[in-house]
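Taking it in order: structure first as structure tokens, then the write-up.
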Amino acid sequence: MTQLETIFAALEIAGISLIMIFLFMSLFFLMIKGIDKLFPGDNEE
Amino acid sequence: MEFADLFPALAGMTWKHLVMIFVGITLIYLAISKKYEPTLLLPMGFGAILVNIPFTSALTQIDQATGTEVIGALNVFFDAGIATEVFPLLIFVAIGAMIDFSPLFRNPTLLLFGAAAQFGIFLTMVLATLMGFDLREAASIGIIGAADGPTSIIVASRFAPQLLGPISVAAYSYMALVPIIQRPIVKLTTTKSERRIHMRMDANKKISNVALILFPISVTVLAGLIAPSSLALIGFLMFGNLIRTCGVLNSLSKSAQNELSNLVTLLLGITIASTMTAERFVQWETLMIICLGLIAFIFDTFGGVIFAKFLNLFRKEGNKFNPMVGACGISAFPMSARVIHQLGQEEDPTNYLLMPAISANVSGQIGSVIAGGLILTLVPLWG
């Protein structure tokens, strides 16, 4: 790989990774909301 | 009989060995006197001294008399625990057992800060390629910004084992320096009125045990389906958390948090030092890595704060985020949360930011592991 190709690869990985991390965290957000709705804490003894 | 035959270590000593012994002493000083991450820096410092005395039996050597290989203990530990990733994964079990995810359940929106504050990892990766490092080395350097020792060790040992020494030193040193690094960056990127924003929190909201049990299982399955290369990292962290939350394995949870954590940390530190030999460490590359690691931490903080300010554009007055809380999205738990809470108190003693800061900090622990998993998945696809 030439240096230019390496730089572009790094940029691509950076962009994809940042998007995917936000996607993951959004999915976890929905998951937490869903779990909390199904199993709310107030009903625990 | 020559001097070199009688005293091979003295005869073989070079200025690079002396530099490394000085580095080792400095790490020990920082660990004891300044209390900078002593659990790792002290073993690493002592290990650096151990491996930089020429012909040390702590490392594999060729016996001069017989020509046979004499295996060193640190090489055995390295092959068994670092090359196989077993040590950092066991540390993840211990860390998972220490994490309480209920702050996240009270403030799930703050999960997004755990994503934004990983910005420094990827910026640094790009900068490292501009400085001439290849893709795998650049990824290993960028992951210093995860502010997560085991993740840094796993990525570096897989992609750039020759850089494991400086990367580990940088990662753990900067984690200890979070209070010094984050303060000026947060002050530079926020205004006084922003630092005074109060955040409303439902601190009394009860979280059910079932929810806390389902969370680690769900995260593991979801992350594994999307990025199976990340499963070792995320799975072991969530396994440790499940041991804690299940309620029926209290003795295992306590052992994971204490005995397991202490034993593996003890071996991890001194074993990493086996890569801190003079030939590998005393190079311009090491200085570049130390500088790039600092840049990663700085831009993690910057990324979190700026993202919080961006979100505030869409939020009403009275419901805005304190942008400083964005800086807590790094994985340095709980130091980052304490720093931001203190900064908030300095501006307004009635502003209690510890709860949202802890929530963001916990999300950072998940974010850093996800970032590590994504790097492990994506980098091999490009080269």
Give the separation of the Cα centroids, the range B:6-68 to the range B:102-155, in Å. 30
Cα-only Debye scattering, the protein assembly as shown: base-10 log of I(q)/I(0) at q = 0.09, 0.13 Å⁻¹: -0.56, -1.12
If the viscosity is 1.306 mPa s and the temperature 10 °C, what translational diffusion coefficient in µm²/s does Stokes-Einstein give for the range B:3-382 when Rh comes from Kirkwood over Cα pairs? 74
For chain A, with +1 on Lys and Arg beta carbons and -1 on Asp and Glu, the positive-most of A:29, A:40, A:16 along the dipole: A:16
Rounded to the nearest 20 debye, dipole of chain A from Cβ charges on Lys, Arg, Asp, Glu: 180
Accessible surface of the protein assembly as shown, 1.4 Å probe, proportion on carbon and sulfur as whole %: 67
Taking the Cα centre of chain B as the origin, how large is its charge dipole in debye, to the nearest 20, when only Lys and Arg (+1) and Asp and Glu (-1) carry charge on their Cβ atoms? 1740
Ratio for the range B:152-297, C-alpha Rg to 2.2 N^0.38 Å, reads 1.37
So how long is each side of the range B:240-355 along the principal axes, counting just the alpha-carbon atoms, biggest first, in Å? 55, 51, 26
Heavy-atom accessible area, 1.4 Å probe, ligands and nucleic acids excluded: residues of the range A:23-40 down by at least 30 Å² from chain alone: A:24, A:25, A:27, A:28, A:29, A:31, A:32, A:35, A:36, A:39
Before rounding to the nearest 500, sum -39500 (n - 2.57) across all DSSP H runs of length at least 4 in chain A and divide by the residue total; then give [θ] at 222 nm in deg cm²/dmol. -29500 deg cm²/dmol
Cross-link pairs B:206/B:309; B:34/B:192; B:34/B:254; A:33/B:205 - those with Cα-Cα distance over 22 Å: B:206/B:309; B:34/B:192; B:34/B:254
Which is farthest toward the positive dipole end of the range B:82-188 among B:169, B:98, B:116, measuring Cα position about the Cα centre, with Cβ charges +1 (Lys, Arg) and -1 (Asp, Glu)? B:116
When only alpha-carbon atoms are used, what values of Rg and Dmax, in angstrom, describe chain A? 19.2, 63
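Taking the Cα centre of the range B:308-354 as origin, sum charge times position over the Cβ atoms of Lys and Arg (+1) and Asp and Glu (-1), and report the length of that vector in debye to the nearest 20. Don't jump to the answer; show the numbers that get you there.
Working: 5 positive and 4 negative charges, 50 e Å.
Charge dipole of the range B:308-354: 240 debye, to the nearest 20.
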Net charge contributed by nearby residues that have their C-beta within less than 14 Å of residue B:98 (K/R +1, D/E -1): -1
Of the options B:227, B:272, B:215, report the single residue whose Cα projects farthest towards the positive end of the charge dipole of the range B:3-382 (beta-carbon charges: Lys, Arg +1; Asp, Glu -1). B:215
How much mean residue ellipticity at 222 nm does chain B get from its helices, if each DSSP H run of length 4 or more adds -39500 (n - 2.57) and you divide by all residues, to the nearest 500 deg cm²/dmol? -20500 deg cm²/dmol
With the other protein chains left in place, how much accessible area per residue, in square angstrom, belongs to the range B:3-382 at a 1.4 angstrom probe? 40
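The values are calculated or read from the model by the stated rules, or taken from the named source; none is laboratory data. What you see is a predicted model; the values in this text were computed from it and never measured. Cβ coordinates were reconstructed from backbone atoms using ideal geometry, including for glycine residues, and neighbour counts include every protein chain displayed. SASA here: full protein model, heavy atoms, side chains in, ligands and nucleic acids out. Shrake-Rupley method; radii C 1.70, N 1.55, O 1.52, S 1.80 Å.
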